[in-house]
Amino acid sequence: MTYPPDEFESLEIRYDLRLFLRLFAFLRPYLLPFLLVLLLSLFSAGLELALPYITKEAIDQKILKHADVISYPGEEEARQKLRAIPEAIFLPPRSILIPTGSHRASADARNSVSSYYLYKRDLPPEEWEALISKVKSVPTAFFTQDILVIPYADLKNLSSSDVWFLRKNDYRGLLFLSMLFLLFLIGNFFVNVYLAVILQWIGQGVIQNIRLTLLNHLMNLSISFFTRNPVGRLVTRLTNDAEALSEFFTLVLVTFFKDIFFVAGILFVLLHFNWRLSLWILILAPFLLVIALIFRAKAWSANRVIRRKIAEINAYLSESLSGIRVIKLFLREKVNQTRFQRLNREAYQANMRQILLFSSFHPFINFLSYLAVGLVMYFGGHQVIRGELTVGSLVAFFAYTQMFFAPIADLAEKYNVLQSAMAAAEKIFSLLDVKEFIPESPAGKIPEHLQGEVVFQNVSHTYDGIMDVLRDVSFRVKPGQTVALVGPTGAGKTTITNLLLRFYDPVRGRILIDGVDIRDIPQKSLRSFMAIVTQDVFLFSTDILQNIRLNRKSITVEQARSAAEAVGASHFIHSLPRQYDEPVQERGATLSVGQKQLLVFARAFAFNPKILILDEATSSVDPDTEKHIQEALKLLLKGRTSFVIAHRLSTIKNADKILVLHKGRIVEEGTHSSLLEKQGFYYNLYRLQFPEERNPL
């Protein structure tokens, strides 16, 4: 089995921006909520950015509030090199105390460094004396008039109360920063919960609008469009592709803006902390950009292939399941399974190519992230050793570095969704761009007191633009007449009814109803006074009653029941367990062919059309059922203009007029008896069907 090429695969990557702009058009009803989401995303990014900074302040200002004690080999030489260091305190015999973060000492003066807790005097004299008396028991502690210094390792030699007295401001500050950290964390949690809910609301609303737009568009397309495109492929547009867009709006769109805010904020903070160290992170950006561009192109192609394979699978499944009886009857199960295995394998291979692509891209992002952390560790550690960077700042730098690559890795994970959405958007908008409509006339004429006169004037038509299926057909049907259309297969009988129903417009000529060109009649009005009964019966998955009424409110329950009585359908309906409320399975699977045909006759009768079309309507029923239908037809055809297409010529003997078609032309016209008398084309057709009649005249 082969399918026509996908008409919705025509765009290339250069149309990305156009697709985005068209997608954003569906956001207009949700513009204010979407702007609120963007503001909350910015706020959430700010809360997350503040967390490492709070950690840095806790380490530098409360936990490691320390000084470096540096030993130097030559006192005079060191004094010359270290003289310019602000807040430096020279200690005997050859050491200098430097508060961390208050200096930039030369590297060659730092051959021996020890870390000490530094306390700058901010107490009244009596409390200061009490504090000094508490730490005198620690031999390694020393103090001046305004500064107390004690090694961190020796703080354990003090009692808990003494440590509290010494560092009570640090304890209080650490508690404040911890509570602030927790507050920001909880605030960010609730902001993200609200964002998730409102994003789902926006996303589902947008997808609902897209699906409604798609369905309305499909309902208005001409029949010729559906003859070229498999149903499964169109269903894919409304299901899989629409769902891919839902993920775009709920998972990708705001994440993209938040990550942009996040990356920009991290860069600002890093450059503010230490622009030299930030350069070692930014130096990796070109590598990331190159691999992202390569990945972007390959991911786009891979996603388009996947979407196409999914559409092919859906189309094949739709066709196979609809024709399951034929498959079983002709023992095609193995053939169909083999065909499906091939399609399934192609979809599997397309997905595996995409997986391999992502399995290399995401680890590359992680590699760059850890490489950046290693660079920060090495060069940042050098700066800490030289006193150019605090320990808290280095810890915050580690956190910001990982946070810098986290949104990039997140975008890499979401890139699959993004590409799927763009591939789906490409197909959806290509479908929406199809303009195969039967045009409506601005005149909008509706015949008053419709009589049902039908006139074909020199009508010609072609489906493919090459071969005419109708050639210069002209005839007139008076109101209330029954016209039979006969002829071999492909003669143009069904085309006449398709043109009358205005499923297509004729290439040449015109069709009049009560003197009005049907192109000037609104299509809904035109079809409202017509009904058609075909050999291929279609029933909806609802109950018996609604299959007769088709949810038209103007048809009452009593009218529907009366229609079923008139055509003889009530006999089998009353035998059903729930009668008119009996559920009808898909396409009427639990009903016989004759029962389905009777329901469609009841439907046509209930709609009370002025023009009735019967296309091989009795060919699928048994003789007994046909007898009931023929009786019902007398009532159904009375007072209506009727077109009857029949291969069984015995069913049209009583037609007011018979049109004999051959190769798109009317070759004979008349009543049954007059055509037999001519002994022409119709006579030969009749003799072929009834060879036993020696004298059909």
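Once you've got the Cα coordinates, tell me which of LYS427/LYS596; LYS414/LYS435; LYS493/LYS638; LYS309/LYS414; LYS309/LYS493 are over 28 Å apart. Provide the component values of the computation, followed by the final result.
Numbers: LYS427/LYS596 37 Å; LYS414/LYS435 34 Å; LYS493/LYS638 22 Å; LYS309/LYS414 21 Å; LYS309/LYS493 38 Å.
In this structure, LYS427/LYS596; LYS414/LYS435; LYS309/LYS493 lie more than 28 Å apart at Cα.
Using amide H atoms built in the peptide plane, which far-off residues or other-chain residues are under 5 Å from VAL507 H to H?
SER460, HIS461, THR462
Can you send over the solvent-accessible area of GLU669, 1.4 Å probe, protein chains only, in Å² to the nearest 10?
GLU669 has an accessible surface of roughly 80 Å² with all protein chains in place.
Can you give the net charge of the other residues whose Cβ lies under 10 Å from the Cβ of ASP259, counting K and R as +1 and D and E as -1?
Net charge in that neighbourhood comes out at +1.
Using heavy-atom solvent-accessible surface (probe 1.4 Å) with all chains present, what is the largest-first order of HIS217, HIS449?
Working: HIS217 20, HIS449 155 Å².
The ordering from most to least exposed comes out as HIS449, HIS217.
May I ask for the Kirkwood hydrodynamic radius of segment 525-598, worked out over all distinct Cα pairs and given in angstroms to one decimal? Please report the intermediate quantities before stating the final value.
Values: mean 1/r = 0.0776 Å⁻¹.
For segment 525-598, inverting the mean 1/r across all distinct Cα pairs yields 12.9 Å.
Once you compute Rg and the Kirkwood Rh from C-alpha atoms, what is the Rg to Rh ratio for segment 163-322? Show your work: numbers first, answer last.
Details: Rg = 25.6 Å, Rh = 21.2 Å.
Ratio of gyration radius to Kirkwood radius for segment 163-322: 1.21.
Quick one: ranking THR140, THR641 by accessible area, 1.4 Å probe, largest first, what do you get?
Details: THR140 60, THR641 0 Å².
Largest to smallest exposure gives the sequence THR140, THR641.
What part of the accessible area of segment 372-517, given as a whole %, is carbon or sulfur when the probe is 1.4 angstrom? Walk me through the numbers before you get to the answer.
Numbers: 3320 of 5770 Å².
With neighbouring chains kept in place, the figure for segment 372-517 is 58 percent.
Roughly what % of Cα-Cα distances in segment 455-574 sit above 25 Å, to the whole percent?
Details: 2845 of 7140 pairs.
Here the long-distance tail beyond 25 Å is 40 percent of all Cα pairs in segment 455-574.
Note down the accessible area of HIS461, probe 1.4 Å, to the nearest 10 Å².
10
Enumerate the calculated ³J(HN,Hα) couplings along segment 305-320 in order (Karplus 6.51 cos²θ - 1.76 cosθ + 1.60, θ = phi - 60°), each rounded to whole Hz, writing x wherever the residue is Gly or Pro.
5, 4, 4, 5, 5, 5, 4, 5, 5, 4, 5, 5, 4, 4, 5, 5
Quick one: length gained pulling LEU321 to LEU38 fully straight, 0.36 nm per residue minus the C-alpha distance? Write out the running numbers ahead of the final one.
Details: separation 283, 0.36 × 283 = 101.88 nm, distance 4.58 nm.
Gain on extension, LEU321 to LEU38, equals 97.3 nm.
Figure the gain on full extension for SER360 and ASN209 (residue separation times 0.36 nm, minus the Cα-Cα span) and round it to one decimal in nm. Don't skip to the answer; put the middle values down first.
Numbers: separation 151, 0.36 × 151 = 54.36 nm, distance 3.68 nm.
So the chain would gain 50.7 nm between SER360 and ASN209.
With no solvent and one point per C-alpha, what does the Debye sum give as log10 I(q)/I(0) for segment 149-222 at q = 0.13, 0.16 Å⁻¹?
So the normalised log intensities are -0.68, -0.79.
Ignoring ligands and nucleic acids, what accessible area does THR489 show with a 1.4 Å probe (Å², nearest 10)?
Probe radius 1.4 Å; accessible area of THR489 about 130 Å².
Of all accessible surface on segment 267-368 at a 1.4 Å probe, what whole percent is carbon and sulfur? Let's see the in-between values first.
Working: 4340 of 6260 Å².
Here carbon and sulfur together make up 69 percent of the probe-accessible area.
Would you mind getting the accessible area per residue of segment 199-290, heavy atoms of the protein chains only, 1.4 Å probe, in Å²?
Values: 4320 Å² over 92 residues.
Per residue, segment 199-290 has 47 Å² of solvent-accessible surface.
Using only the alpha-carbon atoms of segment 414-491 as identical scatterers, what base-10 log of I(q)/I(0) does the Debye formula give at q = 0.26 Å⁻¹?
-1.21
Can you work out the accessible area per residue across segment 389-530, with the rest of the protein chains kept in place, probe 1.4 Å, in square angstrom?
Details: 5540 Å² over 142 residues.
On a per-residue basis, 39 Å².
Could you order ILE324, ILE355, ILE466 so the one with the most accessible surface comes first? Probe is 1.4 Å.
Result of the area sort, largest leading: ILE466, ILE355, ILE324.
The values are calculated or read from the model by the stated rules, or taken from the named source; none is laboratory data. All figures in this text were calculated on a predicted structure; none of them were measured in a lab. Note that we place each Cβ from the backbone using ideal geometry, even for glycine, and neighbour counts take in every protein chain shown. To get the accessible areas, we keep the full protein, side chains included, count just its heavy atoms, and leave off ligands, DNA and RNA. Shrake-Rupley method; radii C 1.70, N 1.55, O 1.52, S 1.80 Å.
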